[in-house]
Amino acid sequence: MIPASRFPAALLALCVISSLGWAGPKPSSDPNTPEGRLLAKVQAESDLTKRLFLLELFPELFPSSPSVEYVLGEMQARYHQAGKLDKAMAAGANLLVRNPNSLEAACLNWRIAADMKDAALTTVWMSQAGSIAERVLKTPDPEMSKSTVECGTNARQAIEFDAYKNAITAKNPADRIKLLEEFLKNHPQTQHAGDIEITLFLAYREQGDSAKALAAAEKLVAHNDTREDAMLLVAESYFKSGKDPNRVVTLSRKAIERLNSAEKPDGVTASDWARTKTAELTQANYMIGSVNFQAEKWDVADQAFRAALPNLTDPRFRAEVLNSLGWANYKLKNVSDAIKFYIDCTNIPGPFQLAASKTLNTITAEYRIK
């Protein structure tokens, strides 16, 4: 849970409700009754200390009066004005016992808790204000003040933010996925939807759920061009299945463009970022080269394979690319380069070694090179 001290200052600033006159419309009462006379005396008293004394008397003398709610609101606001924060909070809590939908009382207690610099109480009253706002702001009272509506709205946003942070920072990927899915169910219109898509993609990948990671990546790349890892995952899936080669090339090129301009992500060391970037660039160029080689677009295949070659450490892939580069350059009539690539390929034991040797002999014979 995020400490209350880290809530944006604007949230607390917007939940300020003026102490003076906060308690709402003055209740109507018969001035000829003891209750009415005391209430009139309270309202006429300008001295804060004396007014508070009279306010304290009212619920003791007239506990069943419908005016008690107004009096408790006045006590909460006036104690807050006087700096007697414990008593102000107690008055607000008592008011909420009588009226659980008093957003005004919950908001002012949130403000009071913040003034007390009590992080735990601030969290409690923020949650209380948000819960009440969830109920009452669906059909708000037209007489509710603008500051109260703003406070309730911000309390709801703060609760949403708190739930979002709890979900997105869960260490276990399974917990993270579960909490984020619950969060989306409870907050379908959240402003964090984009970040959650990315986090779910990463969590599924971390969990090793390749099918869900791919589905999340597909959803992501449909409208987000900032995740080269998602682009490459989708491109690789199409590449391996032999489907839609144009999409493979498009996504791979987008990933390369992104990688060439992207800055190191926060929380990643420079060396790790360099390794990741190199590996992803190599993967993208390899797929572009392979697709264009199959399409006999020799110049594009040559360019992509040349870019991938320096970072291919797996002997099988290196031999494959060298063999393909040899043939592409032969077709492009770059004979010296073709021979060089084929010679390098023949030095790598494996399935391409013999084929490269035979092609090399054919080329040297064709061009009468000894």
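The values are calculated or read from the model by the stated rules, or taken from the named source; none is laboratory data. For clarity, every value in this text was computed on a predicted model and none was experimentally measured. All Cβ positions, glycine included, derive from the backbone under ideal geometry; neighbour counts span all protein chains shown.
From the list Glu74, Glu143, which one is in contact (Cβ under 8 Å) with a residue 40 or more places away in the chain, outside the structural domain of Glu197 (by TED's automatic domain parsing), more than 26 Å from the chain's Cα centre (by Cα) and surrounded by 23 or more Cβ atoms within 10 Å (Cβ to Cβ)?
Criteria check complete, one pass: Glu74.
What number of residues within the stretch 284-316 are closer than 20 Å to Ser241 by Cα and crowded, with 20+ Cβ neighbours inside 10 Å?
Of the residues in that region, 11 qualify.
Quick check on this structure: which one of Pro265, Pro245 is closer than 29 Å to Pro351 by Cβ and not assigned by TED's automatic domain parsing to the domain that holds Phe352? Before you say what the answer is, go through the steps one by one.
Numbers: Pro265 fails: closer than 29 Å to Pro351 by Cβ.
Going through Pro265, Pro245 in turn, just one is closer than 29 Å to Pro351 by Cβ and not assigned by TED's automatic domain parsing to the domain that holds Phe352: Pro245.
Quick check on Arg111: is it modelled with pLDDT under 95, surrounded by fewer than 19 Cβ atoms within 10 Å (Cβ to Cβ), out of contact with any Gly (no Cβ under 6 Å at 6 or more places or on another chain) and under 28 Å from Pro142 (Cβ atoms)?
So Arg111 fails the test.
Answer yes or no: is there a residue in the stretch 119-137 that is of a type in the set (Phe, Trp, Tyr), closer than 29 Å to Phe58 by Cβ and surrounded by 16 or more Cβ atoms within 10 Å (Cβ to Cβ).
Within the stretch 119-137, one or more residues are of a type in the set (Phe, Trp, Tyr), closer than 29 Å to Phe58 by Cβ and surrounded by 16 or more Cβ atoms within 10 Å (Cβ to Cβ).
Out of all the residues in the stretch 119-130, is one or more in a helix (DSSP H, G or I), closer than 30 Å to Ala213 by Cα and within 21 Å of the chain's Cα centre (by Cα)? Talk me through it step by step, then tell me what you get.
Residues of the stretch 119-130 that are in a helix (DSSP H, G or I), as a first pass: 119-130.
Now narrow it down to the ones that are closer than 30 Å to Ala213 by Cα: none.
Scanning the stretch 119-130 turns up no residue that is in a helix (DSSP H, G or I), closer than 30 Å to Ala213 by Cα and within 21 Å of the chain's Cα centre (by Cα).
Looking at the stretch 148-178 only, could you name the residues that are among the hydroxyl-bearing types (Ser, Thr, Tyr) and outside any helix (DSSP H, G or I)?
Once the filter is applied, which keeps residues that are among the hydroxyl-bearing types (Ser, Thr, Tyr) and outside any helix (DSSP H, G or I), the stretch 148-178 yields only Thr169.
Residue by residue, here is whether (1) at pLDDT below 95; (2) more than 17 Å from Lys219 (Cα to Cα) holds:
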{"position": "Ser237", "(1), (2)": "no, no"}
{"position": "Asn246", "(1), (2)": "no, yes"}
{"position": "Ser261", "(1), (2)": "yes, yes"}
{"position": "Asp272", "(1), (2)": "no, yes"}
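Does Thr148 satisfy the condition of being in contact with a helix residue (DSSP H, G or I) (Cβ under 6 Å, 6 or more places away or on another chain), buried (at least 24 other Cβ atoms within 10 Å of the Cβ) and not assigned by TED's automatic domain parsing to the domain that holds His187?
yes
So in the stretch 46-70, with the set limited to residues that are touching a Pro at 6+ places or on another chain (Cβ under 6 Å) and assigned to a helix (DSSP H, G or I), which one is farthest from Cys107 (Cα to Cα)?
Val68
Would a scan of the stretch 193-208 turn up a residue that is in the same structural domain as Glu182 (by TED's automatic domain parsing), more than 24 Å from Thr313 (Cα to Cα) and not in a helix (DSSP H, G or I)?
yes
So, of the residues in the stretch 161-208 that are of a type in the set (Gly, Ala, Ser) and over 12 Å from the mean Cα position of the chain (by Cα), which turns out to be surrounded by the fewest Cβ atoms within 10 Å (Cβ to Cβ)?
Per the criteria, the residue is Gly208.
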